[in-house]
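What follows is a single structure, written as structure tokens, with notes after it.
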């Protein structure tokens, strides 16, 4: 289990931050199996004893790192401006700039023990609330179909996940056109008047 009090352990918060950052870096580079405590500690510039003083296990560290990154994603959801197309385009562009990093991290987290996966799932659920609220706003205004319900966010993000996965398997980035993505989404199933 993650140990929350870093000052009582004699470590500065910057050490904890370096470990969280290093955990993400190593996880993205080497995957779950390759993200060893030794590799993470080396990347953070600390020894393994320090890592285990701050986090009980490697899985605690990995889960904490992904949760922190997931929580940062909440800020990417634009507040509704009243312009559906512009808001969705801004969202798609922001998500594509991320390069699928968060999606890749979530996929790697499927290898964690269930207790850790549950913590990550809870964080993902919390982080999606602002995105779901954006779609809910336009559903309430009648600009998006209400019968799609909470699935509007998943329908919007799903093709982006598919494109990311195809890029991973091809080992080359596929071009992403946010404007076209939004138009296909709106024409496909989500809108009443396009």
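The values are calculated or read from the model by the stated rules, or taken from the named source; none is laboratory data. Note that the structure is predicted; figures quoted are calculated from it, not measured. Heads up, the Cβs are rebuilt from the backbone with ideal geometry, glycines too, and the neighbour counts pull from every protein chain shown.
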Taking residue 6 as the residue in question, decide whether it is surrounded by fewer than 19 Cβ atoms within 10 Å (Cβ to Cβ) and modelled with pLDDT under 90.
-> yes
Out of the residues in the range 10-44 that are modelled with pLDDT of 95 or more and in a loop (DSSP other than H, G, I, E, B), which is farthest from residue 104 (Cα to Cα)?
-> 36
Being surrounded by fewer than 16 Cβ atoms within 10 Å (Cβ to Cβ) and farther than 19 Å from residue 58 by Cβ is the filter; apply it to the range 99-120 and report the residue that is nearest to the chain's Cα centre (by Cα).
-> 101
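Taking the stated definitions as given, is residue 57 touching a helix residue (DSSP H, G or I) at 6+ places or on another chain (Cβ under 9 Å), over 24 Å from residue 111 (Cβ atoms) and either modelled with pLDDT of 95 or more or not assigned by TED's automatic domain parsing to the domain that holds residue 156 (or both)?
Numbers: touching a helix residue (DSSP H, G or I) at 6+ places or on another chain (Cβ under 9 Å): yes; over 24 Å from residue 111 (Cβ atoms): no; either modelled with pLDDT of 95 or more or not assigned by TED's automatic domain parsing to the domain that holds residue 156 (or both): yes.
Here the answer is no, as residue 57 does not meet what is asked.
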With the first residue restricted to the range 174-188 and required to be in the same structural domain as residue 95 (by TED's automatic domain parsing), and the second required to be loosely packed, with under 13 Cβ neighbours inside 10 Å and in a helix (DSSP H, G or I), Cβ contacts under 7 Å at 6 or more apart or on different chains are 174/166
Do we have any residue at all in the range 47-59 that's closer than 20 Å to residue 114 by Cα and within 18 Å of the chain's Cα centre (by Cα)?
-> yes
